[in-house]
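First up is the structure itself, then whatever we jot down about it.
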Amino acid sequence: MIRKIILSAVIATATVAGLTATPSTVEAASPGVFDRHGVRFEVQVRHRGHWDTYGTYRDRDEARRVVRMLERQGKDARIEVERDRW
């Protein structure tokens, strides 16, 4: 009987500690917000000896996905980073 009470108290304490620590852990694990305002990732595809713009994306991950998709289709693709001037 006493073991069940002690075990319940330990589990309850661990649960409460886990719930209160979760937001701070998430904030610590997430990278800081980096302002990518003014940065665009342009996906280009080689077409008849020159590079055509396939699409423009706000983040590098989406541009990489598109490049991989185009390369799986047998096309030559690259990413160009464009930064706006002040």
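Since every read-out is calculated from the coordinates, none of them should be taken as a lab result. Since we're looking at a predicted model, the values are computed, not measured. Here Cβ is always computed from backbone atoms with ideal geometry, including for glycine, and neighbour counts include all displayed protein chains.
For this structure, a couple of remarks:
- Cα→Cβ-extended label distance, 7 Å offset, between His47 and Arg83, nm: 2.9
- Across the alpha-carbon set of the stretch 39-83, the Rg to Rh ratio works out to 0.96, Rh being the Kirkwood radius.
- Each residue in Ile2, Ile11 was given a count of other beta-carbon atoms within 10 angstrom of its own, and listing them fewest first yields Ile2, Ile11.
- Phi-based couplings in Hz for the stretch 53-69 (Karplus 6.51, -1.76, 1.60; Gly and Pro marked x): 6, 8, x, 10, 10, 7, 10, 5, 4, 5, 5, 5, 4, 5, 4, 4, 4
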